[in-house]
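Right, one structure below, let's go through it.
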Amino acid sequence: MDGNGRWAKLRGKERVYGHSEGVESVRACLEKAVELGIEYLSLYAFSEENWNRPQEEVDTLMGLMMQCIGQELDNFMKNNIRFVVLGNRTRLGDGLNEAIDRMMATTGSNTGTTLIVFLSYSGKWDILQAMKKAAATLALGQIQQMKTEDLDPYLVTAGVPDPDLLIRTSGELRISNYMLWQTAYTEFYFTDTLWPDFRKPQFVQALEAYASRDRRYGKVK
Ligand code: IPE
Ligand code: MG
């Protein structure tokens, strides 16, 4: 989700205003995902690098997260949405961590769309923590026998299928340390639309583009 700051600036407003409008895009896309029966919708909400933004903006983004969790419980229960947060949770405040834990526990047995919010996440961090966990759990001989898929259970996305489609808004053409390992065969979709303008029609357009892709996974058809 990129372009909130630019969206606000174009309107002569503070960046914060773009972030709150961006939350409306999250609501719209989640609603569409539920309507279409999409099993997993993942949002890259805050990267490890985003901690280096001005403290005021970091506080605003964490505050928005806290506020959304507070507001969305009924909606998630009504629509059978399972809520999951993945990332380096040790860097989040206690209040936010508790709210996240409560929301994850309450929605944990919902069987519809899983909404994964990547918070304080980076792909390199994920691979490193997976490696450390594997090293702490497995014997050296087992590590030497490991195949690439054997690392999957140690990543924070353990049990979650690799993404089929990755959408990046706002015209930036990079992955910015998102799911580096998991996107090995993901289809990419880039759009100039700024995140606050990315609503149901834009989401459907991205899904239609995905539907016309020919996925060969390096093989010949
Ligand atoms: C949202 O957009 C991404 C978040 C980290 C919340 P930005 O805040 O990166 O907006 P731009 O790129 O400055 O326009
Ligand atoms: Mg940005």
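The values are calculated or read from the model by the stated rules, or taken from the named source; none is laboratory data. From a predicted model like this one, the values you see are computed outputs, not experimental measurements. Glycine gets a Cβ as well: all are built from the backbone with ideal geometry, and neighbour counts include every protein chain shown.
A few remarks follow.
- Cβ-Cβ under 6 Å pairs, at least 6 apart or on other chains, the range 1-13 side among the charged types (D, E, K, R), far side near ligand 1 (Cβ under 8 Å from one of its atoms) and part of a loop (DSSP other than H, G, I, E, B): Asp2/Ser170; Asp2/Glu172; Arg6/Leu194
- The listed residue being in contact with a strand residue (DSSP E or B) (Cβ under 8 Å, 6 or more places away or on another chain) and either polar (S, T, N, Q) or part of a loop (DSSP other than H, G, I, E, B) (or both), out of Tyr178, Tyr189, Tyr217: Tyr178
- Trp51 vs. criteria within 15 Å of ligand 1 (Cβ to nearest atom), in contact with a Gly (Cβ under 7 Å, 6 or more places away or on another chain), at pLDDT 95 or above and among the aromatic types (Phe, Trp, Tyr): no
- Answer from Ala33, Ala8, Ala28 - the residue that is away from ligand 1 (no atom under 11 Å from the Cβ) and in contact with a Lys or Arg (Cβ under 7 Å, 6 or more places away or on another chain): Ala28
- Sub-7 Å Cβ pairs linking a first residue in the range 42-56 that is within 15 Å of Gly93 (Cα to Cα) to a second residue that is modelled with pLDDT of 95 or more and part of a helix (DSSP H, G or I), at least 6 apart or interchain, are Phe46/Leu61; Glu48/Trp125; Trp51/Val58; Trp51/Arg91, ordered by first then second residue.
- Residue list for the range 110-161, filter: aliphatic (A, V, I, L, M), touching a residue at least 12 places away in the same chain (Cβ under 8 Å) and assigned to a loop (DSSP other than H, G, I, E, B): Met146, Leu155, Val156, Val160
- From the list Met1, Met66, the lone residue that is within 16 Å of ligand 1 (Cβ to nearest atom), under 15 Å from the mean Cα position of the chain (by Cα) and under 19 Å from Tyr121 (Cβ atoms) is Met1.
- Residues within the range 37-62 that are more than 16 Å from ligand 2 (Cβ to nearest atom), farther than 18 Å from Asp101 by Cβ and not polar (S, T, N, Q), tallied: 7
- If you go through the range 69-98 and keep only what is assigned to a loop (DSSP other than H, G, I, E, B) and touching a residue at least 60 places away in the same chain (Cβ under 8 Å), you end up with just Gly87.
- Some residue of the range 167-186 being charged (D, E, K, R), modelled with pLDDT of 95 or more, closer than 25 Å to Tyr217 by Cβ and away from ligand 1 (no atom under 14 Å from the Cβ): no
- Any hit, the range 212-221, residues being under 17 Å from the mean Cα position of the chain (by Cα) and touching a residue at least 12 places away in the same chain (Cβ under 8 Å): no
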